[in-house]
Structure formats: C-alpha cells, structure tokens
C-alpha cells in the first residue's frame, strides 16, 4: 500500500509499507506485522518574495561583464591558420601543370607563385605572382592576385599589375570558394583570354581588332619574363621561389644520379620465397639449399 502524507509546510513525505493479506485502519495504526521498507524526504524551495527577486536582478545588472575578447581573438587566429593549411592541402591535391604556389614562411596570408605557360599566345612566359589573402579569411572578400612584372593582358591592370577576378568570383562565399579555384582561374586566363570588362583596354581592343599587334606586345612581355627569371629575390623570405643558372659542378652529380641505371634494375625483383621449381607447377618441388 502506498501512503502519501501532505502537510501545509513545504515538505513532502513519502512512506512505503508492505503487508501480505488484507489491511485495515487498525492494522495501519498499531500492527507490528507491517514492515517499513523505506522513505525519502524532499524539501521544496520556498516561494521567493518580490523584493528578493528585484535585489537579485539588480546584482546581476551591476555585475561587471567578463571580457573574453582576447580568448576569442586567439581562437579565431588558430582557426584561420587551420583553414589556410586546409586550403593549401586542397591546392596540392589538384596538381595543376605548369604552376607552382607556396605560402610565405613569414606570413600565412601571402602566397608566392610562378606560372610557366606551355602553349598558346603566352607560350614560354614565366610569370611570378603573389596571392594576397584578406585578414578576415575565410570570411570577407576574395583574395587578390598581383603579378610581379608588367604583363600585356586584358584582365591585368597595366598600372597595379593586379588580375581582375570579378568575373570568376563576384562574391566570395565561405566553404564554397577556395584558393585552389583562384589558382586555376589564374592559369586558365593565359590559355583562354577573355575581354569582358577588361582592366587593360588597349590589350582588349587589340585582341579583338588587331591580333597581330596583340601578339607582338605579348612576345615582348614573354621575353622580359624570361630575362628576369634569375633576378635576385626582392625579399628574404625562405619560401620565395627563386631560380639559379645551371652550374656543372653543382648540378651534374645530381643529374647523373637521376639518369643513372642501377646495376640490378634489369633483374626481376623477388617479392618472397618460392618452393616451386622453375618450369614446374608442383608445389614444394624446388629443392632446399
């Protein structure tokens, strides 16, 4: 039998009694055959007064707010670095031919790149560029691409040497647009030339109206890029992509080691032990030595 006893005080007492057979009021009052199995008591909180609620609210309002901007800034910086590392890993998996990009050793928001054009109007060109990532990345605006030499191209400004990315990235969308897409866009611009909304109006008009004159100007910038390939690096950054002229004393040993044929290269490689005699299909037919 379950007995609930309520009182006017904020206390609720629950007692449980067990008895085999019939139970009566007299049994409940005095019989020792009942055995109490257990009880628990729960004290309900008293109803707070209006004055105490007002005083508590006033204390919460007057309490000075704890600023965690420093922690948020440190976490956002860590999150940004992780995002940039992820972007570079995605770029490495693309394996675009003829273009090489690496982040700066001093600033993860600056990437160095070199483009080798292998065919088309700009064939033979060696064009250096930088990818400038905005500080709020991956939020914010699209990264900027600035070349390090003057290039006669409709999509490249003749003054700032910056490439126009608006036709490919009208709005930079987080988790949708990535830096590898920017690199692909830069490479594609030298193989498929677009003249819509050009930054270099002269190059656009010559490409549409006088292709021979356009090609002559392109040849000049291609030749200039080849002459500047061995120039000294404009920065002391360890990740800046630089080139040296071929030195027989330094590079010949490396070249020979690459093309040298190994002595046992023509011999078939053994992947394990065999107990089959050559020319036979019988297992364990090869004598042990």
Got at least one residue in the stretch 173-188 being under 18 Å from residue 123 (Cα atoms), touching a residue at least 40 places away in the same chain (Cβ under 8 Å), out of contact with any strand residue (DSSP E or B) (no Cβ under 7 Å at 6 or more places or on another chain) and crowded, with 16+ Cβ neighbours inside 10 Å?
yes
Among the candidates 192, 219, single out the residue that is over 23 Å from residue 131 (Cβ atoms) and assigned by TED's automatic domain parsing to the domain that holds residue 104.
219
Please go through the stretch 153-170 and pick out each residue that is in contact (Cβ under 8 Å) with a residue 24 or more places away in the chain and either surrounded by fewer than 19 Cβ atoms within 10 Å (Cβ to Cβ) or assigned to a helix (DSSP H, G or I) (or both).
157, 158, 162, 166, 167, 169
Being touching a residue at least 24 places away in the same chain (Cβ under 8 Å), in the same structural domain as residue 179 (by TED's automatic domain parsing) and in contact with a helix residue (DSSP H, G or I) (Cβ under 6 Å, 6 or more places away or on another chain) narrows 138, 134 down to just 138
Taking the stretch 208-263 and keeping residues farther than 30 Å from residue 106 by Cβ and assigned to a loop (DSSP other than H, G, I, E, B) leaves 210, 260, 261, 262, 263
Given the conditions (1) at pLDDT 70 or above; (2) out of contact with any strand residue (DSSP E or B) (no Cβ under 9 Å at 6 or more places or on another chain), report the number of the one that residue 266 does not fulfil.
(1)
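The values are calculated or read from the model by the stated rules, or taken from the named source; none is laboratory data. Bear in mind the structure is a predicted one, so any value in this text is a computation, not a measurement. Neighbour counts run over all protein chains shown; Cβ positions are idealised from the backbone, glycine included.
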